[in-house]
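Just so you know, all these numbers are worked out from the coordinates, no wet-lab data involved. Computed from a prediction, not measured in an experiment: that's the story for all the values here. Here the Cβ positions follow ideal geometry from the backbone for every residue, glycine too, while neighbour counts run over all protein chains shown.
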Amino acid sequence: QVQLVESGGGLVQPGGSLRLSCAASGSGFRLYNMAWYRQAPGKQRELVASITIGSNTNYADSVKGRFTISRDNGKKMIYLQMNSLKPEDTTVYYCNADVGGLRSWGQGTQVTVSS
């Protein structure tokens with residue numbers, strides 16, 4: 001199983017920016033499809049953005065044009081650049097790795113958008 005550690009969450013004002021990072025273990029990172037999810041209390045976990053082995057990206061409609069997912073295979077990291085943050089973006093964000101259908105999750109990082 002892949003170990004994932006997120007960082008970069010925090011408190012930011014509406015309209016502000018944050019950059020989330022996720023560090024992955026394992027020597028096969030280049031073969032991991034990666035993603036960011038988020039889950040608000042009482043709601044299902046939802047896909048925010050994903051990036052494939054070939055660096056193809058996909059975004060939830062609610063974050064298109066504001067969030068950017070990227071990966072650095074040399075550092076075994078993925079990132080989520082979040083701009084123009086809104087109060088409704090407030091929740092816990094989770095890093096996900098999909099390795100041939102076997103999924104791993106990080107512990108999550110809290111993002112709070114509030115004035």
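A few notes on this one:
- For K75, the aspartates and glutamates whose Cα falls under 17 Å of its own Cα, not counting residues fewer than eight places away in the same chain, are E6.
- Check: the range 29-115 dipole with +1 on Lys, Arg Cβ and -1 on Asp, Glu Cβ, in debye: 160
- Sorted on the mean count of surrounding Cβ atoms within 10 Å across their residues, most packed first, peptides 8-18, 93-103 read 93-103, 8-18.
- Computed extension gain for Q1 through L47, at 0.36 nm per residue and net of the alpha carbon distance, reaches 14.5 nm.
- Computed magnitude of the charge dipole of the range 1-69 (debye, nearest 20; Cβ of K, R +1, Cβ of D, E -1): 60
- Qualifying aspartates and glutamates (Cα of each under 15 Å from Cα of K86; at least 8 residues distant if same chain): D61
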